[in-house]
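S.K.: One structure is given below, represented as structure tokens, and several questions about it will come after.
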């Protein structure tokens, strides 16, 4: 091997290591020697010291201690930290420009040039420097423009040597290395894209609070939300290059539970705020515990004013973001009507308090935010304004849909309060991760491009089950240029998987978490119940369950191959969510089947009931496994009930859905054999066979079948309804009909012998046009008072012209993914972009750029679907339903609209998000839309005078319109949750 090739291989190896150890950043660390590289660790032992000036920020010195420990996590030996003394080795020198005598001396000696970063916010640079200080031959220098910039640079080194930001909170195993080198290159970090980036701990009962109480001393006034706990959170945030936080609020008081909490946050470098309902650094619980009188500023302003003064005086020494405004106590509406004059006085008085108690001449220099959450947004829309120096924090609807974004005429800086967890109608969702990263990207990309860039804060509930979406959200906020302009969600998932688990399984793990987010977003787990998915139409429930089963199996397979050190993190972030979601869906879908089977008097209903009970046990075992992991480190983190919701609020413990059993001692009037078919709840024999005409001849009818059916067969089920085993034979009367299997043996003691028979058609032999195929079923069990069962299959054998290319009707319906449109007439000024796995059944399509002007059918880009129909719909015509993301009208006076037309007809313009009837409320139908997986279903009716070829044209008329699928109902669409499967394209 030649020297050039050898050097190239070494370089590739170094780049590969670094790329798997840091998300999207330039490599500065290698585990293999490179030309000009500086050895930091050799043969398992550090050969460098960490050098930090003792006059630097305490938070920087503290982070340097973390770096020392991180080398120990990787090598087994901590790197020696030297503060203020002499260093006789090579070194890692870290410090803050203007605060570190070490760094300032390097600048003065022109050994480092910081012109490219000086004056920027939270920026660092790294480079190798020869002879940086007395006794040091060479050093890796990490210089930050400010406290957090330096800290971020320190943690960049930690991450690149192989310590994940989640080493504690998700037990990610550090990447072991015997040799570590600093590359001879310079890294200039970007200025963070969002100025304040952080999380909100919320809805923290029962899981997080139970865990906190078990692991940290309980304070005088409440749970153990004290400095030791928060230090762990602060460190995580800084490792993720975040800088902002709202503390837990429901049963804790940040400044009271531990009087060192505020000081600790400031020392670490975290800017503290308080939630949308807690002004001026005062918690809700603090008022409810110590407050004087009612939380009503119209009648108790004097006492509330004093209370707020206390909050400002107490927090004055520290770096804060001051929440202003007011909501009702307990995060409720301020009033049944808009109390604008009162709220304006509140804001004015609060700014007076800030000016007085902070001793500033100009209160506009004090960081302030007004959170326009729920009813408070109505005050702004009604004309209330705050001074231009106050940040406007726009919010989502608690389900991930941004309610409003700034427009160019609004002078205030803006940000977004977002949700990965929620407690409230239509249903709590806070058990485990159900966040779609694709949805998160789509909404935060919208926010960034429309200039909401000052604050991004996300409600993360208990924190622990949401590691992946938190990591993504904060990376997106830190470096939008890297992750935001184009959709790089899957690239991020691959980088995340490689960082946490290494390169060998990264692609498979990334695909698992991608599919997990796709499936989970269909419906929040707390909203899934036995009625969610159809058992009889489109094989919907079976398909959903099979997908979860396959995903869990893939996660199990990876887990089995991982080294022991990596298994805890994989269990917490990948394996448990996949298996827990599978168990939950299995419980609900199997319980639904059990009820149906019992109604059909199936013997196997009993075995299915027992199976559901076992799966209920599996769900509990998964919780126990989580709580027992690593000696019980995360005990209580899965305490959240998630089965048995009766209304929006959580149940107090998990309960199963109803189950039913059938009598097994004798068959009664049921007979020994039962037959059911796809598309029907009924069976033959039927319970009301004496009176119901449809049962009098013991016949069932299958859904029609044609050559263009998305599923090219129909199903018949043969099962035991009695106590005796039997053989069955299924005989089509038409030679062009095939059944598989055509014979079978069913035993009441073995539910696995119940048979599912596929019925298909040989279309080359079938007669043209409409006909009915007859299928006879014979049994050794006999029929008693019944005639032999018979199944009818309506058949439609038609062909489209060879010249046609497009979607073909089947069974009086078409279903088309927006991303599979026949044509896309995008232009340079406005175009359609595909967002993978954003729809409930596939990809979605949206209008770009998101800053585009309103479009019109006359000139805007459109999607065209060429279709072929065999059915002429009756009056009034065909129903066309668009499945659209549950976005909201986020641009004033530009409601979300689309247009639709067949062929040359005049386009029908539709505003699919209705206006709210009351400014304090959400739009009509919103609760159903978010419950149904964040989907608006918008239906219009169109006359179609003839069958044959047609073109359906769809226009998105505003940015933010996200189209998932288009369904054309010519009279055949059956009830289901996800809608018909996609039509065949020829």
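The values are calculated or read from the model by the stated rules, or taken from the named source; none is laboratory data. In this text, all values refer to a predicted model and were calculated from it rather than measured experimentally. Neighbour counts are summed over all protein chains in view; Cβ atoms, including those assigned to glycine, are modelled from backbone coordinates with ideal geometry.
S.K.: Which numbered condition trips up residue 140, out of (1) modelled with pLDDT of 95 or more; (2) surrounded by fewer than 21 Cβ atoms within 10 Å (Cβ to Cβ)?
M.R.: So the condition that residue 140 fails would be (2).
S.K.: Shifting gears a bit: Give just the number: which of (1) crowded, with 16+ Cβ neighbours inside 10 Å; (2) touching a residue at least 40 places away in the same chain (Cβ under 8 Å); (3) not in a strand (DSSP E or B) does residue 872 not satisfy?
M.R.: (1)
S.K.: Let me ask you something else. On the basis of being in contact with a helix residue (DSSP H, G or I) (Cβ under 7 Å, 6 or more places away or on another chain), assigned to a helix (DSSP H, G or I) and either assigned by TED's automatic domain parsing to the domain that holds residue 255 or without any contact (Cβ under 8 Å) to a residue 24 or more places away in the chain (or both), does residue 338 make the cut? Quick ask: steps written out before the conclusion?
M.R.: Details: in contact with a helix residue (DSSP H, G or I) (Cβ under 7 Å, 6 or more places away or on another chain): yes; assigned to a helix (DSSP H, G or I): no; either assigned by TED's automatic domain parsing to the domain that holds residue 255 or without any contact (Cβ under 8 Å) to a residue 24 or more places away in the chain (or both): yes.
Spelling it out, it is not the case that residue 338 is in contact with a helix residue (DSSP H, G or I) (Cβ under 7 Å, 6 or more places away or on another chain), assigned to a helix (DSSP H, G or I) and either assigned by TED's automatic domain parsing to the domain that holds residue 255 or without any contact (Cβ under 8 Å) to a residue 24 or more places away in the chain (or both).
S.K.: Tell me yes or no: at least one residue of the stretch 562-575 is more than 21 Å from residue 467 (Cβ to Cβ) and either part of a helix (DSSP H, G or I) or free of Cβ contacts under 8 Å to residues at least 40 places away in the same chain (or both). Explain how you work it out, then say what you get.
M.R.: First, pick out the residues of the stretch 562-575 that are more than 21 Å from residue 467 (Cβ to Cβ): none.
Scanning the stretch 562-575, I find no residue that is more than 21 Å from residue 467 (Cβ to Cβ) and either part of a helix (DSSP H, G or I) or free of Cβ contacts under 8 Å to residues at least 40 places away in the same chain (or both), so the answer is no.
S.K.: Identify, from the list 888, 882, the residue that is surrounded by 19 or more Cβ atoms within 10 Å (Cβ to Cβ), assigned to a loop (DSSP other than H, G, I, E, B), outside the structural domain of residue 397 (by TED's automatic domain parsing) and touching a strand residue (DSSP E or B) at 6+ places or on another chain (Cβ under 8 Å). Steps first, answer last, please.
M.R.: Values: 882 fails: assigned to a loop (DSSP other than H, G, I, E, B).
Among 888, 882, only 888 is surrounded by 19 or more Cβ atoms within 10 Å (Cβ to Cβ), assigned to a loop (DSSP other than H, G, I, E, B), outside the structural domain of residue 397 (by TED's automatic domain parsing) and touching a strand residue (DSSP E or B) at 6+ places or on another chain (Cβ under 8 Å).
Residue-by-condition table, conditions (1) crowded, with 21+ Cβ neighbours inside 10 Å; (2) touching a residue at least 24 places away in the same chain (Cβ under 8 Å); (3) in contact with a helix residue (DSSP H, G or I) (Cβ under 6 Å, 6 or more places away or on another chain):
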| site | (1), (2), (3) |
| --- | --- |
| 441 | yes, yes, yes |
| 447 | yes, yes, no |
| 451 | no, yes, no |
| 462 | yes, yes, yes |
| 496 | yes, yes, no |
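S.K.: At least 2 residues that are within 23 Å of residue 58 (Cβ to Cβ) and touching a strand residue (DSSP E or B) at 6+ places or on another chain (Cβ under 6 Å) in each: list the strands (runs of 3 or more DSSP E) lying fully within the stretch 162-268 that qualify. Steps first, answer last, please.
M.R.: Numbers: elements: 180-182, 196-201, 244-246.
Correct list: 196-201, 244-246.
S.K.: Now, a different point. Going through 112, 103 one at a time, which residue ends up being in the same structural domain as residue 54 (by TED's automatic domain parsing), assigned to a loop (DSSP other than H, G, I, E, B), over 29 Å from the mean Cα position of the chain (by Cα) and without any contact (Cβ under 8 Å) to a residue 60 or more places away in the chain? Show your work before the answer.
M.R.: Values: 103 fails: assigned to a loop (DSSP other than H, G, I, E, B).
Just a single option satisfies the conditions, and that option is 112.
S.K.: What single numbered condition from (1) at pLDDT below 95; (2) under 27 Å from residue 267 (Cβ atoms); (3) touching a strand residue (DSSP E or B) at 6+ places or on another chain (Cβ under 7 Å) fails to hold for residue 116?
M.R.: (2)
Table: residues versus (1) assigned to a strand (DSSP E or B); (2) assigned by TED's automatic domain parsing to the domain that holds residue 233; (3) buried (at least 22 other Cβ atoms within 10 Å of the Cβ).
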residue: 276; (1), (2), (3): no, yes, yes
residue: 288; (1), (2), (3): no, yes, no
residue: 294; (1), (2), (3): no, yes, no
residue: 300; (1), (2), (3): no, yes, no
residue: 303; (1), (2), (3): no, yes, no
residue: 306; (1), (2), (3): no, yes, no
residue: 310; (1), (2), (3): no, yes, no
residue: 323; (1), (2), (3): yes, yes, yes
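S.K.: What tally of residues in the stretch 347-373 results from selecting those that are over 13 Å from residue 390 (Cβ atoms) and free of Cβ contacts under 8 Å to residues at least 60 places away in the same chain? So that I can check it myself, show each step before the final result.
M.R.: So the first thing to find is which residues in the stretch 347-373 are over 13 Å from residue 390 (Cβ atoms), and the list is 349, 352-353, 355-362, 373.
If we keep only those that are free of Cβ contacts under 8 Å to residues at least 60 places away in the same chain too, we end up with 349, 352, 355-362.
Residues meeting the conditions: 10.
S.K.: Let me ask you something else. For a quick check of your reading of the model, give me the residue pairs whose first member lies in the stretch 295-316 and is closer than 9 Å to residue 281 by Cα, whose second is in a loop (DSSP other than H, G, I, E, B) and at pLDDT below 95, with beta-carbon atoms closer than 8 Å and at least 6 apart or on different chains.
M.R.: Nothing qualifies.
S.K.: Which condition from (1) free of Cβ contacts under 8 Å to residues at least 40 places away in the same chain; (2) within 27 Å of the chain's Cα centre (by Cα); (3) part of a strand (DSSP E or B) is the one that residue 910 breaks?
M.R.: (2)
S.K.: Among the residues of the stretch 351-382, how many are under 28 Å from the mean Cα position of the chain (by Cα) and not in a loop (DSSP other than H, G, I, E, B)? Working first, answer last.
M.R.: At the first step, the residues of the stretch 351-382 found to be under 28 Å from the mean Cα position of the chain (by Cα) are 369-378.
Subset that is not in a loop (DSSP other than H, G, I, E, B): 369-371, 375-378.
Count: 7.
S.K.: Suppose the filter is in contact with a helix residue (DSSP H, G or I) (Cβ under 7 Å, 6 or more places away or on another chain), at negative phi and at pLDDT 95 or above; does residue 376 pass it?
M.R.: Working: in contact with a helix residue (DSSP H, G or I) (Cβ under 7 Å, 6 or more places away or on another chain): no; at negative phi: yes; at pLDDT 95 or above: yes.
Considered against the rule, which asks whether it is in contact with a helix residue (DSSP H, G or I) (Cβ under 7 Å, 6 or more places away or on another chain), at negative phi and at pLDDT 95 or above, residue 376 comes out as no.
S.K.: Looking at (1) touching a strand residue (DSSP E or B) at 6+ places or on another chain (Cβ under 7 Å); (2) over 19 Å from residue 189 (Cα atoms); (3) assigned to a loop (DSSP other than H, G, I, E, B), which is the one condition that is false for residue 61?
M.R.: Single failed check for residue 61: (3).
S.K.: With respect to residue 933, determine if the residue is in a loop (DSSP other than H, G, I, E, B), touching a residue at least 12 places away in the same chain (Cβ under 8 Å) and either in the same structural domain as residue 645 (by TED's automatic domain parsing) or within 30 Å of residue 851 (Cβ to Cβ) (or both).
M.R.: On the way: in a loop (DSSP other than H, G, I, E, B): yes; touching a residue at least 12 places away in the same chain (Cβ under 8 Å): yes; either in the same structural domain as residue 645 (by TED's automatic domain parsing) or within 30 Å of residue 851 (Cβ to Cβ) (or both): yes.
Yes: the conditions hold for residue 933.
S.K.: Checking residue 473 against (1) closer than 19 Å to residue 522 by Cα; (2) surrounded by 23 or more Cβ atoms within 10 Å (Cβ to Cβ), only one condition comes out false. Which one?
M.R.: (1)
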